[in-house]
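The values are calculated or read from the model by the stated rules, or taken from the named source; none is laboratory data. Keep in mind it's a predicted model, so treat the numbers as computed, not measured. Cβ: placed from backbone, ideal geometry, glycine included. Neighbour counts: every protein chain shown. Surface areas here come from the heavy atoms of the whole protein model, side chains and all, with no ligands, DNA or RNA. Shrake-Rupley method; radii C 1.70, N 1.55, O 1.52, S 1.80 Å.
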Protein chains: 2
Amino acid sequence: MSYEYSAKYIKQLSRAVEQKEDAYLEKEFEDMHAADISAVMEGLSAEDCKYILELLDPNVGADVISDLEEDIRKNFMALFEAGELSKYLDQTDSDDAADILNELPVKMREEVLGSMQNQEKVLYIVDLLHYEEDCAGGLMAKELVKVNINWNVHQCIEEVRRQAKKVDKVYTVYVVDDHDILLGRISMKRLLIADEEDKVADLYEPEIAKVHSYQEDEEVAELMQHYDLEVIPVVNVQGRLIGRITIDDVVDVITEQAEKDQQAMSGLSEDIEERDSLWAMARARLPWLIVGMSGGLLGANFLGGFEDELRLVPAMAFFIPLITATGGNVGIQSSTIVVQSLASGGFQGSVFDRYFRVLIVAILNGLTLALLVYAFNFLFIEHALAVVVSVALFSVIMIASFMGTITPIVLDKFGINPALASGPFITTCNDLIGLGVYFTVAKMLLHS
Amino acid sequence: MSYEYSAKYIKQLSRAVEQKEDAYLEKEFEDMHAADISAVMEGLSAEDCKYILELLDPNVGADVISDLEEDIRKNFMALFEAGELSKYLDQTDSDDAADILNELPVKMREEVLGSMQNQEKVLYIVDLLHYEEDCAGGLMAKELVKVNINWNVHQCIEEVRRQAKKVDKVYTVYVVDDHDILLGRISMKRLLIADEEDKVADLYEPEIAKVHSYQEDEEVAELMQHYDLEVIPVVNVQGRLIGRITIDDVVDVITEQAEKDQQAMSGLSEDIEERDSLWAMARARLPWLIVGMSGGLLGANFLGGFEDELRLVPAMAFFIPLITATGGNVGIQSSTIVVQSLASGGFQGSVFDRYFRVLIVAILNGLTLALLVYAFNFLFIEHALAVVVSVALFSVIMIASFMGTITPIVLDKFGINPALASGPFITTCNDLIGLGVYFTVAKMLLHS
């Protein structure tokens, strides 16, 4: 990882801030990319960060603020007056500016907007503040270059020139009609090699992918990934062009989704990072641990009903961990395959086909494990119990495969993240089912 | 998901192929994006796909082949003669063409290269075939637009015009010296708004991010994500510009890595998908199931040493699932936090700080759960056993937190995917440790 800075370097910067060595600090940050300055700042105190930020060009400062991690930025922004912040937001892309403002208390937000100089930006931001964070409207920026279908190339280039300062990265030029309805696009390459007199109407690409402002961020990510796009236009219900979403924001959506899935799979109930407060860390873990604990106590209660059997055949207890662990492993494997299949566009084939395949794989693996365990137990324990253990193991594998397959599908139907199906709730259920199966089989076979 | 096609539609297409209704098929695919045609083909037989492909424009066909899933493409390409394939590869971007050729038997690969018309493309591909799939060289395409530092804007535009056909998406124009050493870049926007007489030397951006051909794909992904890039140039050891990597390929790397992590966490030993063969499915699951089974049998063996104790106090067995499940849950939570912290650039702070935090969180959660369980058990079971269970639970939480934290760090040091630490091997170890702690505590407290 090249974006970590040594503790020594961070300390050195912190000392320089303390002693107000502005010349040294300015030199240090002069050629550094904003994303790297943000990475450095994540090691410094909020006060030190503010001191450094004020030494930077406001343009760079704006990028640094956008690049900071949300939780660090929150602490840091508490130190600013509205007038100070507005200076940076004047320079920030509208999507990032709206995200930053959303992190502020309402009063502060209004004050910052009120003291901004760039009135066009203020209009952009106020519009963006309406959208939920996790929809296309919440991801889009208002800055884009659009041209009228009736123009020629010369007029387009003039427009790009006019907007060049405002729009940081121009990927493509959008083509609209007199009512701002999105008609298509012209690539920069096409514009560059065209004649000045060529008509937009003759050059533009009419059929392009677009999203509606209300579409979910994950849908946008999927669409851009499917069509290999680096930017996608956003339209409102009338088909008017209202913004654009760039791939860098979508990459963040993809990464966050992967992290959320991992957390769902591992029983963390909040978006938690290693550097969060101890209390937040403990709190994010407790809910699922308590669920697991309740499952364990229920299991204890259930086993309590078999006290006499256990006194007679204590060897029955020996295989409890085997049964519960295998059920858990099989369940998680099954659900993960389904979760990935749901994420990558669904299983192609009939419902019957899907369950038939699950059944066959479960029988294959169930038989293999049951026979291996039987072979082992045959040597060490009495025969009746060896049969019980293997029959129970086979049954548990069958049930856990089925549960693991169906749970994510059901969760997905109800709009819940299916990755939860690989998490502790299901493992806990599988433990209980495993115990139930094991002792039921034992009762049936040993009593007969 | 908008890229799934109904079974009915797929059947209709298949029937049209059977009855050679070319007019219908051509009309159906005329305005469809290549990525969508690929999605449709994933539901059809390889023979049907080939029939449809031959109706398409070879340019579109080339994109369709690139977009197909690797395993489907493999079956499909087995139907082609070298001469047929080469027609498509002449039109494919060099990076995709190299990937496709890498999936063919060596003899076929040579034949295809031999019958290609586009000699420049052949040179590109042969060069790319040298690189491992998972390094920057394996991700890059050779198609790019570069200009000499001594040129003016007019010459640049002529060069873009000349290469426009060859390079699909031009994001940026690279600036090199007479020896092809990468010096910087000019954005398309800059070129478009510059005067024809302006010098490249005055316009270009000198400090730009780049990668070396040998860098790992995940490093490339991290770099592009860190700097929000949509394209990055690749240089060789001398600093010569040899290719470029576009964000769409990097998005695939990020998605694949997330899938690999999920599989590592859930005990799947191969990259498996729901539609893979039944045998592949069973095989991918068995190894970790057998590991878990062995752990279960070891546990049974261990418990065998406590047969007399279990006969005396069968209630001891009741809490086995509680102890093992809690150990597993705590271990997975701890390791996932560390895994995500490793992935997002590491923990900022001292080693001592890290473990101190782990310790405090473990004590907080350990005490909470131990007290809850004690309160519950106080009502139902004898006091000595209630104490044993709570002490054991607390100890297991402490140990599992520590193991969960240290395991991914150690795996990462040895270059193994740390996500494995949230997987079944560690869960199995935790089960055994949990049993060991429980019965040791029981022996110590109950015998005294």
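Table for the structure above
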{"read-out": "Charged-residue dipole, Cβ positions (Lys, Arg, Asp, Glu), chain A about Cα centre, Debye nearest 20", "value": "2040"}
{"read-out": "Rh by Kirkwood over Cα pairs, then Stokes-Einstein D for region B:329-448 at 1.306 mPa s and 10 °C, µm²/s", "value": "104"}
{"read-out": "Neighbouring partner chain Cβ atoms per residue of B:298-307, average, 10 Å criterion", "value": "5"}
{"read-out": "Derived scalar couplings ³J(HN,Hα) [region A:129-139; Karplus, 6.51 cos²θ - 1.76 cosθ + 1.60; whole Hz; x for Gly, Pro]", "value": "4, 6, 8, 4, 5, 9, 10, 4, x, x, 9"}
{"read-out": "Region A:128-184 and region B:40-91: distance between their alpha carbon centers, rounded to Å", "value": "36"}
{"read-out": "Exposure rank, largest accessible area first [B:H383, A:H154; 1.4 Å]", "value": "B:H383, A:H154"}
{"read-out": "Amide H partners (placed H, <5 Å) of A:N152, local residues excluded", "value": "A:V200"}
{"read-out": "Pair A:Y355, B:D271: separation of 7 Å Cα→Cβ label points (nm)", "value": "3.2"}
{"read-out": "Contact order normalised by residue count of chain A, Cα under 8 Å, 6+ apart, percent", "value": "10"}
{"read-out": "Most to least packed among A:263-273, A:312-322 [average Cβ atoms within 10 Å]", "value": "A:312-322, A:263-273"}
{"read-out": "Label zone at A:E26 (point 7 Å along Cα-to-Cβ), backbone N below 12 Å, region A:37-62", "value": "A:55-57"}
{"read-out": "R0 of 30 Å, Cβ-Cβ distance A:D127-A:A209: FRET efficiency to nearest 0.05", "value": "0.85"}
{"read-out": "Region A:268-296-region A:300-360 distance, computed between alpha-carbon centres (Å)", "value": "24"}
{"read-out": "Per-residue HN-Hα couplings for region A:161-169 [Karplus 6.51, -1.76, 1.60; θ = phi - 60°; Hz; x = Gly/Pro]", "value": "4, 5, 9, 4, 5, 6, 9, 5, 10"}
{"read-out": "Qualifying trypsin sites (Lys or Arg not before Pro) in region A:156-195, DSSP loop, other Cβ atoms within 10 Å at most 11", "value": "A:K165"}
{"read-out": "Built amide H within the under 5 Å cut-off of B:M140, gap 5+", "value": "none"}
{"read-out": "Two-decimal Rg to Rh for region A:102-158 - Kirkwood Rh, Cα set", "value": "1.14"}
{"read-out": "Centroid-to-centroid separation of region B:363-396 and region A:392-408 [C-alpha atoms, Å]", "value": "31"}
{"read-out": "Region B:267-447: relative contact order as a whole-number percent, Cα under 8 Å and 6+ apart", "value": "34"}
{"read-out": "Beta bridges per DSSP with both ends in the protein assembly as shown, % antiparallel, nearest 5", "value": "75"}
{"read-out": "Mean separation of Cα contacts under 8 Å (6+ apart) over length of region A:146-246, as relative contact order %", "value": "26"}
{"read-out": "Principal-axis tilt of helix A:351-380 within chain A, Cα atoms, nearest 10 degrees", "value": "50"}
{"read-out": "Neighbouring partner chain Cβ atoms per residue of A:269-278, average, 10 Å criterion", "value": "4"}
{"read-out": "Structure-based [θ]222 nm, chain B - -39500 (n - 2.57) summed over DSSP H runs of at least 4, per residue, nearest 500", "value": "-21000 deg cm²/dmol"}
{"read-out": "Shortest-first nm distances, B:L123 label point to equivalent points in other copies (7 Å, Cα→Cβ)", "value": "5.3"}
{"read-out": "For chain A, share of DSSP beta bridges that run antiparallel, in % to the nearest 5", "value": "75"}
{"read-out": "Computed FRET value (nearest 0.05) for A:K199 with A:E110, which takes r as the C-beta separation and R₀ as 35 Å", "value": "0.15"}
{"read-out": "Evaluated at q = 0.07, 0.12, 0.13 Å⁻¹: base-10 log I(q)/I(0), Debye formula over Cα of chain A", "value": "-0.56, -1.07, -1.17"}
{"read-out": "Residue mean of other protein chain beta carbons inside 10 Å, A:177-186", "value": "0"}
